[in-house]
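Reading through the structure tokens given below for one structure.
The values are calculated or read from the model by the stated rules, or taken from the named source; none is laboratory data. No experiment lies behind these values; they were computed from the predicted model shown. As a convention, Cβ positions derive from the backbone with ideal geometry for all residues, glycine included, and neighbour counts pool all protein chains shown.
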């Protein structure tokens, strides 16, 4: 289940939360689009539609049915080797000429082991990961990512994590995993 929280970037007048089932939106981008469409429908019938339509996604969290760091890391390794697409497992005809022989399996195992050792954090959302890092060497000071109302702008945090391409966060069916790739 996706939990999409929307708020107004210029006003501190509350937030709207939308729950989007995983079967309806398999990726974060799709879940954001579903939540934005629902929000637009609701805003159209409210007393101040223009202001409500200016709201943006403040946080996206995925609540997996099975929460597992090990499975999340394995999923990332499989995605990196084109075994899984954003639509799921491809059919044999869709795979084309990519054989899955013992050499391919060994590469997936090696990447899985490397990623297992490089996990920075794991949770249901980036906020969950950052909270779990408190008191560790990997903790981030999130002060510069706060808006004038004290809310953390998670898209900016994620952009800085990805900026150097040395680490990346992955949304998987088992949770969000932050992997150091440097």
> Inside the stretch 44-57, can you point out the residues that are part of a helix (DSSP H, G or I) and crowded, with 18+ Cβ neighbours inside 10 Å?
Replying inline: 52
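Any chance you could count how many residues in the stretch 2-21 are surrounded by fewer than 15 Cβ atoms within 10 Å (Cβ to Cβ) and more than 19 Å from residue 151 (Cβ to Cβ)?
Looking only at the stretch 2-21, we keep the residues that are surrounded by fewer than 15 Cβ atoms within 10 Å (Cβ to Cβ), and these are 9-15, 17, 19, 21.
So of that shortlist, the ones also more than 19 Å from residue 151 (Cβ to Cβ) come out as 19, 21.
Residues meeting the conditions: 2.
Can you tell me which residue in the stretch 22-43 is surrounded by the fewest Cβ atoms within 10 Å (Cβ to Cβ), limited to those that are in contact with a helix residue (DSSP H, G or I) (Cβ under 9 Å, 6 or more places away or on another chain) and closer than 23 Å to residue 173 by Cβ? Talk me through it step by step, then tell me what you get.
Taking the stretch 22-43 first, the residues in contact with a helix residue (DSSP H, G or I) (Cβ under 9 Å, 6 or more places away or on another chain) are 22, 24-25, 39-40, 42-43.
Narrowing the set further to residues that are closer than 23 Å to residue 173 by Cβ leaves 22, 24-25.
Numbers: 22: 16, 24: 11, 25: 19.
Checked the stretch 22-43; the qualifying residue surrounded by the fewest Cβ atoms within 10 Å (Cβ to Cβ) is 24.
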> Which of (1) part of a helix (DSSP H, G or I); (2) modelled with pLDDT of 90 or more; (3) surrounded by 16 or more Cβ atoms within 10 Å (Cβ to Cβ) does residue 113 not meet, given it meets every other one?
Replying inline: (3)
> What residue, among those in the stretch 156-181 that are out of contact with any helix residue (DSSP H, G or I) (no Cβ under 9 Å at 6 or more places or on another chain) and assigned to a helix (DSSP H, G or I), is surrounded by the fewest Cβ atoms within 10 Å (Cβ to Cβ)?
Replying inline: 163
> For the subset of the stretch 142-155 comprising residues that are part of a loop (DSSP other than H, G, I, E, B) and under 20 Å from the mean Cα position of the chain (by Cα), which member is nearest to residue 180 (Cα to Cα)?
Replying inline: 142
